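To start, the structure under review is shown below, and the notes come after it.
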Amino acid sequence: MASQEVQGSRQEGEDGRFKTGIMLFIGDAPSDAPAIGGYFTDAADNVESALTGRMCVQVKKDPETLPGIWLFTAFYRAFKAYA
């Protein structure tokens with residue numbers, strides 16, 4: 001199974017011209033981790049991209065917190081849109 005975002009886990013902030021954030025994911029194997037350098041999908045399963053898409057910049061793996069379950073903490077960055 002591909003990793004799924006844990007509902008309500010997203011924390012966002014702003015750093016200059018970037019939006020930054022952390023999201024938690026759950027998966028069955030280490031290979032289910034979000035891809036560093038890849039974009040996340042929105043609620044409609046469309047891949048975010050362009051300047052304001054959330055790009056994964058770091059992943060921390062928490063192996064088998066529960067037997068057979070992998071938790072991933074994904075850190076992301078996105079440019080803020082011009083106002």
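Values in this text are rule-based calculations from the coordinates and carry no lab data. Owing to the predicted nature of the structure, the values given are computational and were not obtained by experimental measurement. In this analysis, Cβ positions are derived from the backbone assuming ideal geometry, glycine residues included, and neighbour counts consider all displayed protein chains.
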Item to complete: For LYS19, list long-range residues whose amide hydrogen, built 1.01 Å from N in the peptide plane, is under 5 Å from its own amide hydrogen.
Response: ALA78, PHE79, LYS80
Item to complete: Could you list the chymotrypsin sites (Phe, Trp or Tyr not before Pro) in segment 8-83 that lie in coil according to DSSP, counting only those with at most 15 other Cβ atoms within 10 Å of their Cβ?
Response: TYR82
Practice prompt. Mind putting a number on the dipole of the chain about its Cα centre? Charges go on the C-beta only, +1 for Lys and Arg and -1 for Asp and Glu, and I need it in Debye to the nearest 20.
Written response: 360 debye
Item to complete: Normalising by the residue count of the chain, find the relative contact order in percent from Cα pairs under 8 Å and 6+ residues apart.
Response: 32 percent
Worksheet item: ASP32 label point, 7 Å along Cα→Cβ, cut-off 16 Å on backbone N: hits in segment 52-83?
Response: 60-74
Response to the item:
Among LEU71, THR41, GLN4, the residue whose Cα sits farthest towards the positive end of the charge dipole of the chain (+1 at Cβ of Lys and Arg, -1 at Cβ of Asp and Glu, taken about the Cα centre) is THR41
Worksheet item: Given [x] 13.2; [y] 14.8; [z] 13.6 as candidate values of Kirkwood radius over Cα pairs in Å, which corresponds to the one derived from the coordinates?
Response: [x]
